[in-house]
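Read through the structure below, which is laid out as structure tokens, and then see the notes.
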Amino acid sequence: MHAHHFAVPVRLNPGPELPVEEIYSVEQALDVLAQWPAEKQGRLYEKAFNACFGASLEVVPTEEACRAFAAF
């Protein structure tokens, strides 16, 4: 398993008419967070972004980033 892959993917349900999306890695999580509307960013967003960014630099454990992203 790649160092930045989540042990268990995070499932996103973007809406009732949209398909469920599975996020498998720090990089995919950062892509989702980068596209998140600024007006909907808050404390959980910041924690998830910081954890995922830190994991991409290998200063935060990948599973910590996964937990922060899942909480978001």
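Tabulated data for the structure shown
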quantity: Residues (within 16 Å of Ala3 (Cβ to Cβ) and exposed (fewer than 13 other Cβ atoms within 10 Å of the Cβ)) located in the range 42-60; calculated: Leu57, Glu58, Val59
quantity: Output for the range 6-41, where each listed residue is surrounded by fewer than 10 Cβ atoms within 10 Å (Cβ to Cβ) and in a loop (DSSP other than H, G, I, E, B); calculated: Asn13, Gly15, Pro16, Glu17, Leu18, Pro19, Val20, Gln35, Pro37
quantity: Count of the range 42-72 residues which are part of a helix (DSSP H, G or I), more than 13 Å from the chain's Cα centre (by Cα) and aliphatic (A, V, I, L, M); calculated: 0
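Bear in mind that the values in this text are calculations on the coordinates, not laboratory data. Keep in mind the model is a prediction, meaning the values are calculated, not measured. So basically every Cβ, Gly included, is an ideal-geometry build from the backbone, and we count neighbours across all protein chains shown.
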